[in-house]
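S.K.: Starting off with a structure, shown below.
Derivation of every value follows stated rules applied to the coordinates shown; laboratory data play no part. This structure is a prediction, so every number in the text was calculated from the model and none was measured. Neighbour counts are summed over all protein chains in view; Cβ atoms, including those assigned to glycine, are modelled from backbone coordinates with ideal geometry.
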Amino acid sequence: MDLYAGFPFWLIKNPLYNYVNEVKDRMHTDVAIIGSGITGALVAHELCASGISCAIFDKRAVSTGSSAASTAQLQYEIDVPLFKLLEKIPEKPAVIAYRASLQSISDIEQVFRKAKIDAEFQRRSSLFLASDKKGCKEIKKEFLTRKKYGLPVNLLEHEELQQTYGINRLGALWNEEAAQMDAYRSAILLLQYNQRRHDLRLYPYTRIAKHEAVRNGYVLHTDDGKQISCHYLIVAAGYEAGQFLPRKVMDLSSTYALVTEPLRPDQLWHDESLIWETALPYFYLRVTADHRIMMGGEDVPFRNERLRDALLSRKTKRLLEKFAGLFPHIPVHCDMTWCGTFSSTKDGLPYIGAYPGSPNLFFALGYGGNGITFSMIAAQMIRNKLKGVKDERESVFGFDRK
Ligand SMILES: Cc1cc2nc3c(=O)[nH]c(=O)nc-3n(C[C@H](O)[C@H](O)[C@H](O)COP(=O)(O)OP(=O)(O)OC[C@H]3O[C@@H](n4cnc5c(N)ncnc54)[C@H](O)[C@@H]3O)c2cc1C
């Protein structure tokens, strides 16, 4: 699959981790991870830190899948607002999902802080705008629901929003618990850290064509005929994981993003908050470490790559128009644009954990707008499973959830 097209900012900003390592025929590893994106990197990190030996295989250059195209906002709000999630699933798992997502932002921060890796992780506040009257009703409902469950949230009425942000909208939800990062750089640096510290083995340019269940584990077949045996197989193959999944769990769609040329910090909005809104198609924005405005959204519900790419210019023009509607006084010049494939699930929750009936096969699929927070959760859940530690999140994100 062609995961993205155009000029993803992070791929231009960061050097390629131009690492090559050939698989020896009939190699063995205790744990094999398919995918070297931010999910595979976090999973490997958690396993290595627990003394579990693993190897990562990726068909591309290191970490150059979707993680390189991500706008990398970290928010505890999952795709479905809590009040709506409570209409879809029981109270307990819905609240656990939100709390786990909130906790994962601090956990990501800790991973990079402890490893002394500059992941461009920056704490930010999150501003969720009501786009219209319907949105205003929804944020008020969401405010009361999140308050009820002790989740951090504040309601800004029109006047306060106007005064603080200069934004003319009916209201917004605000919290201080969000963050942002460079997911591509983070994944690469974390992999390098574990290569140095824990002898993590990394095999880019190695496509796993099929996997075969054997007694005591799996045999992976590369597309050039090599075989890798493993006791546990972890699929962190992002939006291309369908190849390894016995049933479809996600819908693929397309999304668009751009960065502007850098601005002076005084030209930007209060707090450089992450901003998003209730209206669809989705629109969101953040500020990069070098003071560019990065914005994205305009999602379309298909993954046809030719059609997706053909819309790039029209969709990014639309993003700029939306920005001008929000901040007419901030002059921006678009620098790079890109588009990518994206996926969502019916309940807005990711799929993480062992596949029913296949106890040695794990999936770390952080689907949805909060893929990266889910990557962290997946890494911890899989580590816990391999270490025999009970994890209440299994019943929320697992394949056999209700
Ligand atoms: C434009 C855009 C904006 C986004 N914005 C956000 C955001 O603001 N916040 C957020 O949390 N998330 C966001 N996401 C989602 C987020 O980027 C993803 O959830 C995350 O990057 C997924 O990481 P991953 O490691 O699971 O997948 P990837 O980075 O795609 O890594 C999977 C790897 O698996 C490899 N692979 C696949 N199949 C095989 C195979 N058969 N053999 C070997 N290797 C294989 C691929 O080559 C790939 O490198 C965004 C996504 C896009 C496209």
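S.K.: If N is the number of residues in the chain, what value comes out of its Cα radius of gyration divided by 2.2 N^0.38 Å? Present the calculation step by step, with values, prior to reporting the outcome.
M.R.: Values: Rg = 20.8 Å, N = 402, 2.2 N^0.38 = 21.5 Å.
The reported ratio for this selection is 0.97.
S.K.: Using r as the Cβ-Cβ distance of R318 and D132, and R0 as 22 Å, what FRET efficiency do you calculate, to the nearest 0.05?
M.R.: Approximately 0.80, to the nearest 0.05.
S.K.: While we're on this one: Percent of alpha carbon pairs in the range 1-150 separated by more than 19 Å?
M.R.: Numbers: 7542 of 11175 pairs.
So the pairs more than 19 Å apart make up 67 percent of the total in the range 1-150.
S.K.: Would you mind computing Rg(Cα) / (2.2 N^0.38 Å) for the range 258-398, counting N as its residues? Don't skip to the answer; put the middle values down first.
M.R.: Details: Rg = 19.0 Å, N = 141, 2.2 N^0.38 = 14.4 Å.
Dividing the Cα Rg of the range 258-398 by 2.2 N^0.38 Å gives 1.32.
S.K.: Angle check, please: helix 371-387 long axis (alpha carbons) against the longest principal axis of the chain (alpha carbons), in degrees 0 to 90, nearest 10.
M.R.: Approximately 30 degrees, to the nearest ten.
S.K.: Another question, if that's okay. If you stretched the chain out fully between D224 and A289, how much longer would it get, using 0.36 nm times the residue separation minus the C-alpha to C-alpha distance? It would help to have the intermediate numbers written out before the result.
M.R.: Working: separation 65, 0.36 × 65 = 23.40 nm, distance 4.13 nm.
Result: 19.3 nm gained on full extension.
S.K.: Enumerate the calculated ³J(HN,Hα) couplings along the range 195-204 in order (Karplus 6.51 cos²θ - 1.76 cosθ + 1.60, θ = phi - 60°), each rounded to whole Hz, writing x wherever the residue is Gly or Pro.
M.R.: Couplings: 5, 6, 7, 10, 6, 4, 9, 10, 10, x Hz.
S.K.: Where does the longest stretch of the chain lie that holds no GluC sites (Glu not before Pro) found in a DSSP loop with 16 or fewer other Cβ atoms within 10 Å? All intermediate terms of the calculation are to be shown ahead of the outcome.
M.R.: Values: sites that count: E22, E392.
My reading of the result: 23-391 is the longest stretch.
S.K.: Angle check, please: helix 91-114 long axis (alpha carbons) against the longest principal axis of the chain (alpha carbons), in degrees 0 to 90, nearest 10.
M.R.: 80 degrees
S.K.: Now, a different point. Report the antiparallel proportion of the DSSP beta bridges in the range 169-301 as a percent, rounded to a multiple of 5. Each step should come with its number before you reach the end.
M.R.: On the way: 22 of 22 bridges.
Percentage antiparallel, nearest 5: 100.
S.K.: Sorted from fewest to most neighbouring beta carbons within 10 Å, what does the list I275, I33 look like?
M.R.: Details: I275 26, I33 29.
Ranked by crowding around the Cβ, least crowded first: I275, I33.
S.K.: Quote to one decimal, in nm, the extra length available between N304 and A279 on full extension: 0.36 nm per residue of separation minus the C-alpha distance between them.
M.R.: Working: separation 25, 0.36 × 25 = 9.00 nm, distance 2.40 nm.
Working it through step by step, the gained length comes to 6.6 nm.
S.K.: What FRET efficiency comes out for the pair Q267/T345, r = Cβ-Cβ distance, R0 = 35 Å, nearest 0.05? Mind showing how you got there, number by number?
M.R.: Working: r = 38 Å, r/R0 = 1.09.
So, using R0 = 35 Å, E works out to roughly 0.35.
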